[in-house]
Structure formats: structure tokens, C-alpha cells
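Here's the structure, in C-alpha cells; my notes come after.
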Amino acid sequence: MRRRAFVLAGAVLPLVLGTPAIASAAATPGGRVTVENSRPAWANASADRGPTNASTSLDLRVYLAGRDPQGLAAYAAAVSDPHSAAFHHYLTPAQTRSRFGGTAAQTKAVTSWLTGSGLKVDKVTDHYVSVRGSVASAQRAFGVALHDYTVKNATLRGPAGEVTVPAAVAPDVLGVTGLDDGKHQASPAEDPPGPPAVTIRAAPCSHYYGETKATDQPPAYGHTGVWTQCGDTPQQIRSVYGLDKVAATGSGSTVAVVDAFASPTIAGDVTLYSKIHGTADFKAGQFTQNLPDDYNSVEECGGPVWGLEETLDVEAVHNVAPDAGVTYVGAASCQDTDLADALSRIVDDHLADIVTNSWGTELNGTPPALRAEYDQIFQLGATEGIGFYFITGDCGTWDPATPCGAGNGSTAQQVAFPAESPWVTAVGGTTLAVGGDGREVFQTGWGNVRSAKTSDGTGWTPVPPAGYPANFYQGGGGGTSTDYQQPSYQAGVVPASLSKTLLDGSTTTTPMRVLPDVATEGDNNTGMLVGETQLYKDGTPHYHETRWGGTSLSGPLFAGLQAIAQQAQGGEKIGFANPVLYARHGTSAYEDVTDTPKGAGTLLGVVRNDYTDPSDSSSPVITRLWTFGEDGPLHAVAGFDNVTGLGAPSTRYVQSYAAAARARR
């Protein structure tokens, strides 16, 4: 099944918290309305290869705008604002549907228009009308010819002109998928290979930062280096964030993990992981899975790697908040329509209060309607007290459509979506070194350049910190959005040097949204031990523990902290968190992370061995020096920055919620 791209119609854009504006649409002769920004940039004259076969069958979805899109945005903002009289006056799912959901009249009008054009209705939900039909019927419905285009050696279908809808239904339509088949699918943030092939880390490693000295290797930064960490244990994770000193364990909160597909061994893997590390396993009913009836696009979406993503996310949340409920909500695929369906299930039935998502889209320049559809889900969730958390990615500012690592990233620069939405909390990455006492040794913004041994084996090349971009491997995503204006909660906190400077170096007079909002541990050199059943070279499955990082770790770690914080404030739902996160700016709730915590000019890093074939421990080993705090054009500095945002949660983070709850009483 091909992934369907969104086309905008009547969406709320840009969504600036508290000041929503409806995107304008121009009327055309014949009683139709032109949908702006609905034609992909690649659908241009130079790439045009002529009309698409009129008999080609299409699957389309028309999303409904709901009763009151402006009112929805306003209430979602008010209920999340600690200065508003509506703060934390959440609605039930039934109240949200009654007040802001689609109406029977909208559904009837949209259905009548589509069937009158020759399209057949497959499914009707509270959110969309799904239809099927020929290209000829779609062209009649949307008043535009569909052509084939050559894009990067592929042939894609797209509108050859402006997309239009009848003026009578324009206010009812949020967006439509299926007119073009450009690839906007999401990918998990993990770049290293995952299941089914096992990933084995080469020795030696340190159980805490600095435990094992690299005495047999060239000096690092003028002194003996240290071997990379083996991966944090559950006890180290809780200790380094100060959770061993608080009574809260996440009880009473439920965290939803959203990924594609599902791991068939997740329950047994968590049980064995807990036994090995001496921690509590899930109690009866504490872990549940909410899965679709079937899956699609498994091979196209990378299939088994999503099982690793689920395992990492679930174990990270459980390590931080061992008594929180965890609900895994699986999408039928990595296509945006299926991921949106998974998120909608959470909102429709209020399956959780906290939703962590370790994925992002692969399209450079997210279509306006795709943003609008997701934003509507996030706003609906906010009215119910549901907070959504998205990772900013592992490639710094590079286009996530091209995997980063040793200069493989594309030269295009962008911020991640949905993380760039002002209605979600964007979580970036840090490098967090844990000492032998379980406390922090230092923390930098996450960004790695790596150096190999010189030919004579006496030094490292390139000499650190040189090496970007050719030797840049991974780093936390961040930067300035070109899609969303600055939300009100960022005003006065984010410096103009960031909000008015885009990633390409150009400037704007209008402040824009800047990512991330916060950051937690994400470096693959420090990371966390993750236990999962994986396939060995001989084809047999075995449970194996591997150190994993990435913002795929950062996101669920922060979600677990939010479950702890929610319990600390008496179980009151945090909801959409950004207004209260920014209200803590400059307080002891955050550690102000920089790239040079030991002072300017003092470099930090580790020596690391890797098998040339990560699934074969008999393959040759390559030794490299990994330097920290090198995220290219992104820099972690004093104050708000585009690597760590407000900073990393300190050991006082959870207590700040207990104090705020006491002050409100």
C-alpha cells in the first residue's frame, strides 16, 4: 500500500498558542475554493511526464475540520495555561467530541460531494471519510488534473495545478490524503541496525564513566582516554535524575508508547530484563497493548526495527517510572495516516495522559495539511489533559530522509516534524556521564564527531574537535521552524538570535518556533542497556542486552519523568506541558547544559571499539575516539539553546511539581 500525502483545506495554520489563524483560501469561478499550498514542490513543469492513467485506482481520506477549529485551539491553549481561569479544567472524550468533533451534517455534506463525483465510500469515522475510486473521479472531485512526475529517479503522482473543493464543503474539510503519492512516512530515530539481526557491542566498556582507562590507546585530549560506557542500568537511570530520593514511582499515571507494528516478545523481554537487573516486573494489567486489526507496508517501513523501538521505549519508561501504567499503541504501518489513527485512538478513548513518540517524518518540508491533521489531534488531546512528546531526531540539522553517520547525511537542513508543532513537547538529546556513585559526572549537548587512529597508531585523525561534517556521526536535532510562528510560551525565553535565524542562515522579522523544548540522555556512547530477543548469525533467537541511545531514548525517559512529576503533584494531570515547562525557565528544575561543562577548550569524549559486522563478534574490531558536544551548527550554550532547549531535568525537577501543586492549593 502506498503512503498517502495530505492536501490542505481549511486548516488552522499557523498554530501559535493562543493566537490561531485560519489559512486563507481563494474563491474561484464555479463556486469552488482553491486550497493553498496543496501542490508538492516536486510537482513542477520540468518534472512533468504527462497525465496519470485515468483508470488508476486511488484510496483517499477526507479529514473533517470539526465544529469549531478556532474554539478548539483557544480552549486547548487556555486549559494548558497556568495563568488561565480554565487551567486544568479538562474535558472528557465525550465532551470533547460534543464540543469540537465533526458533525453528522459535515459528514453528510462531504459524503454527498464525494459520491457525486463517482467515488465510493469505504469507511466513515468521527475524524474522516475514506473513499476509493479512479483518477478520473478524483479529478472531478478536486477540480485538478493528476500527472506523473520524475522525482529522484522515481515516478510520483501529483496535482498538475491548484486543488479546489466546492465552497459549500470547504469549511468542513481539514485535508485529504491520496492525491499525490510522495513519501512522507515516518522512521524510528534509531540509525543502527536492529532486529532481526543481533547488535553486539565490542569490549571493553565501563560500568560508569571513567571506570576503565584506555591505557593501550593513543592519548585523548592530552591525557589517557576512557572506554565508553556499557549502558546505564535502571538503578543508574533513577539515581542520576535523583529519583532514588523521591517517593514517587509513577503510580496513578499511564504512559502511551506509539510506534509502528508490535514486538511479539515484549512482555517476556521486560520480565527477563527486570529479573536480571533486580527491578520490579509489570504487575497484572500494568502493561497493555492496543493494536490494529492488521498491518501493511511492513517491508517498506523497515519491519523488525520497530520492535527494537518499542522495546527501548517501554523499558525506558518502566526504568524511570516502575509503577506507571504503560500502554503500547501500535500503528498499522509507518505511514502518516496509520500513525495518526493510532494517536486518535488514544484521544478518543483517553488511553493515557502522557504519550511518547520516538519517530519523525522523512519528508523535507512537511505538507501544511499533514501538520493540520496532527495538530488537530494534539489540540483535542490537550482539552482532555493528554500531553504528546516527540523526539527531535538523531541527525542534528540534517535531512532525516538520509541516515546520518560518518558524513552520510544530506546537505539539506530542517527541523523534525511532528516535534516542530507548537502543540507538542519536543525532546532533544544530551550526553550524560554517570559516575560510580550513580550521580552525574558531567552533561553536554549530544553531538558526536569521531576520529580514527593515525596510520602509525600514535594519535587520532582528524584531530578533535575537527571533523564536522565528514566525521559527524549523530547528534540531537534542533533548530528554527519555517512552518510555525513562535508560540506565546517561548516569548521572552527564546533569544531572537535563534527565533529569527533559520537553519540556512537567512533571517526573518517574525519570531518562529525553536526546537527542542527540553532534553535528556541520548548519546549512544553512554545510553541505556536494552534487553530484547534478537536473531543471531545462526538464525536462532536469543535474549540479548545492548547499549542504545538516540533521542529514541530521550523521549521515553522524559515521559517517565512526567509520570513521576504527575504523581508528585497529587495525580493531577499535567496535560500539554509546554506552558508549565517554560514557566520553570531559569529555576533549579533544570540543569543548564552546555557543550563545554568543564570549561571552554576542555574536550570530553570516550574511546570505543566496534565490530565491523555488529552481529558477528568474530569480525574485526575498529577503534575510534568519540568527541562529545559537537553538534555542527547547533550549540548548547548558557540559557535556552537549540540543542537542549530549556535544559535537562535536574534532580530537583520532580520536586518542582510538588511545590507548584502546594502553591495552587
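Provide D341, D538, D180 ordered by accessible surface of protein heavy atoms (probe 1.4 Å), highest first.
Reading off the accessible areas and sorting them downward yields D538, D341, D180.
I'd like the FRET efficiency for I622 and T125, computed as 1/(1 + (r/R0)^6) with the beta carbon distance as r and R0 of 30 Å, rounded to 0.05.
0.05
Work out the FRET efficiency for L535 and S46 from their Cβ-Cβ distance, taking R0 = 60 Å, and round it to the nearest 0.05.
With R0 = 60 Å, the Cβ-Cβ based efficiency is 0.85.
For the chain, report the accessible area per residue in Å² (1.4 Å probe, heavy atoms, rounded to an integer).
For the chain, the solvent-accessible area averages 34 Å² per residue.
Among R547, R345, R662, R39, what's the order by accessible area (1.4 angstrom probe), most exposed first?
Output order, biggest surface exposure first: R662, R39, R345, R547.
Over the stretch 519-665, what is the relative contact order in percent, taking alpha-carbon pairs closer than 8 angstrom and at least six residues apart?
About 26 percent, as a whole number.
By how many nm would the segment from T271 to Q286 grow when fully extended, if each residue of separation counts as 0.36 nm and the alpha-carbon distance is taken off?
Gain in length upon complete extension: 4.2 nm.
Provide the packing ranking of 602-611, 615-624, i.e. peptides ordered by the mean count of other C-beta atoms within 10 Å per residue, highest first.
Highest mean packing first, the order is 602-611, 615-624.
Taking all protein chains as present, what is the carbon and sulfur share of the accessible area of the chain, in % to the nearest whole number, probe 1.4 Å?
Whole-percent figure for carbon plus sulfur exposure: 53.
Over every pair of different alpha-carbon atoms in the chain, take the mean of 1/r and invert it; report that Kirkwood radius in Å.
Result for the chain stands at 25.3 Å.
With r defined as the distance between the Cβ atoms of K245 and S455 and R0 fixed at 60 Å, what FRET efficiency is calculated, to the nearest 0.05?
The value I calculate is 0.75.
With the dipole of the chain worked out from charges on the C-beta (+1 for Lys and Arg, -1 for Asp and Glu) around the Cα centre, which of T115, A636, T52 lies farthest toward the positive end?
T115
Can you pick out the pairs among K245/K453; K245/K598; K283/K598; K537/K598; K213/K283 whose Cα atoms lie more than 31 Å from each other?
K245/K453; K283/K598; K537/K598; K213/K283
If you stretched the chain out fully between D437 and K152, how much longer would it get, using 0.36 nm times the residue separation minus the C-alpha to C-alpha distance?
97.3 nm
Could you compute how fast the stretch 621-663 diffuses translationally, taking Rh as the Kirkwood radius over C-alpha pairs and applying Stokes-Einstein at 25 °C with viscosity 0.890 mPa s? Give it in µm² per second.
After rounding, the answer is 181 µm²/s.
So how exposed is E211, as accessible area in Å² (1.4 Å probe, rounded to 10)?
Approximately 70 Å² of E211 is accessible to the 1.4 Å probe.
Sort 494-504, 40-50 by packing, meaning the average of other beta carbons within 10 Å per residue, with the highest value first.
494-504, 40-50
Explain nothing, just the number: relative contact order of the chain, from Cα pairs under 8 Å at least 6 residues apart, as a whole percent.
Relative contact order of the chain: 17 percent.
Return the Rg/Rh value of the stretch 555-665, two decimal places, where both radii are evaluated on C-alpha atoms and Rh is the Kirkwood radius.
1.13
Could you work out how much longer the chain between N53 and A661 gets when fully extended? Use 0.36 nm per residue separation minus the Cα distance between them, nm to one decimal.
Working it through step by step, the gained length comes to 212.7 nm.
Taking the highest mean first, how do the peptides 592-600, 80-88 order by number of other beta carbon atoms within 10 angstrom per residue?
Highest to lowest by the protection proxy: 592-600, 80-88.
The values are calculated or read from the model by the stated rules, or taken from the named source; none is laboratory data. Source: prediction; values computed, not measured. For neighbour counting, all protein chains shown are included, and Cβ atoms are generated from backbone atoms with ideal geometry for every residue, glycine included. Side chains included, ligands, DNA and RNA excluded: accessible areas come from the protein's heavy atoms. Shrake-Rupley method; radii C 1.70, N 1.55, O 1.52, S 1.80 Å.
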